[in-house]
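The values are calculated or read from the model by the stated rules, or taken from the named source; none is laboratory data. All figures in this text were calculated on a predicted structure; none of them were measured in a lab. Cβ atoms come from the backbone with ideal geometry, glycine included; neighbour counts cover every protein chain shown. Keep in mind that these areas ignore ligands, DNA and RNA; they rest on the heavy atoms of the full protein, side chains included. Shrake-Rupley method; radii C 1.70, N 1.55, O 1.52, S 1.80 Å.
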Amino acid sequence: MSYKRQQPRHGDGTETETSSAAGAAETIQVHLKNRVAANGSANGGGKEVANGNGHKEAVQDGSASKNGKKKSKFWNKFAGLVRSDVKSQWKDYDKTFTQANGEGITDKEHTTQKGVAAFYNLVTDIYEWGWGPSFHFSPMLKGKGVAESSVAHETRIADTLGLKPGTTVLDAGCGIGGPLVTIASHSGAKVVGITINAYQVERCKARATAAGLRLEQDFDVLQGDFLDLPFPDNSFDNVYSIEATCHSPSLEKAYGEIYRVLKPGGKFVNYEWVATPLFDRENADHVKCIDAINYANALPEMRHHSEIAQVARKVGFEVLEEMDLAANKNAGEWWGVLKAGMKRYKRNDLLVKILSFLRILPKNTKDVHKMLFRVLKTFIEGGELGIFSPMHMVVLQKQAQAVEE
């Protein structure tokens, strides 16, 4: 398939064990250095310098301190986006997504154009370090571990869509490519990923190629907004999205664009974040819980489960199936992995605080991680109350023949 580009996200719960603070710092620094290099290249202002180990690292020009002296190589490691942009992006994020009383945020357009991209600038390395490559939750299968349950959650999509060699599927909101790799490897279909975050594009390419997938043959990935997909009409045999369209300020626009790029008869499988039938808008504790989830995950608002199929039908989809996978009594609690891992996550939070204090990590990294750590308890609360689901599945189909107007 060829396409013309028109213009320039809770994982599986798998936790990377870290034996020491130095080891953890090194793990995070690998991701952060990658971002520095990508940022310097994108801005055309980067250069390479040798660090103390003789390896080259990308840094931004203009890294001199106020007194005119160049900063040490230690500080240059986190120049550019990583060090100088973290503070401003964090403040912008905090201001944008703070919400209360179940009203969502006011500047919804900002969330897509800048806010969500900034969110993933801030959290991608933390997610990958402490959560794994698949930024989504999964129903826990009986007798199976976290990794196996995550793979099953992803391959369910491939099997539902009937993916096979020779078909092309769009991953709308692909993150760093955890599900993309699984689905492409499992089905043999070509998977094209799109993410609003430029850094995730590079991470996705690196992960997919490391897994043995061939760029442009087995997969592709590009930066873009699923409110304005950079593909012609009728481009894809199928589309899927995993916990991504919840970021959109307009679900109707997102679904409308997906409908447009689907071939007639093509199917779209989506795992949505929703407030369940048990959510009570008049219950202050329920509202506070959902507001906290929205704030810590760059959501403009939380959709009610009843809205999903309504929006799908409005843009032209036929709803083939709709079910909340979290309500499946044959599977374990999706939030159970969070409860089991709280000691680890607490240790990680302390570690990030120390590394931020020592300026091994940018200072505001501790604020970002604190936000992510706090919301874990809120996820558990939402799950135990039954008012929130991150896996409301819909299977939709574009009509086989366009209706003539």
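Here are the numbers:
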item	result
GLY332 long-range amide H proximity, modeled H, under 5 Å	MET140, LEU141, LYS142
Reciprocal mean inverse distance between Cα atoms of the range 104-166 - Kirkwood radius, Å	14.6
Label point 7 Å beyond Cα of ALA340 along Cβ direction - residues of the range 118-143 with amide nitrogen under 11 Å	140-143
Under 5 Å, built H, 5+ apart or other chain: amide partners of ILE360	none
Dimensionless Rg over Rh [the range 251-405; C-alpha; Kirkwood]	1.08
Entries in LYS288/LYS377; LYS205/LYS370; LYS267/LYS314; LYS87/LYS377; LYS343/LYS377 that, when Cα-Cα distance is taken, lie over 18 Å	LYS205/LYS370; LYS87/LYS377
Extension gain (nm, one decimal) between PHE357 and ALA206, 0.36 nm per residue minus Cα-Cα	51.3 nm
Convex hull volume per residue for the range 287-370, taking Cα atoms only, in Å³	157
HIS286 accessible area, 1.4 Å probe, all protein chains in place, Å² to nearest 10	20
log10 of Debye I(q)/I(0), alpha-carbon scatterers only, for the range 85-398 at 0.06, 0.07, 0.13 Å⁻¹	-0.18, -0.25, -0.95
Peptide ranges 341-349, 133-141 listed from the most packed, as the mean C-beta count within 10 angstrom indicates	133-141, 341-349
Gain in span if fully extended, LYS114 to SER88, counting 0.36 nm per residue against the direct Cα distance	8.1 nm
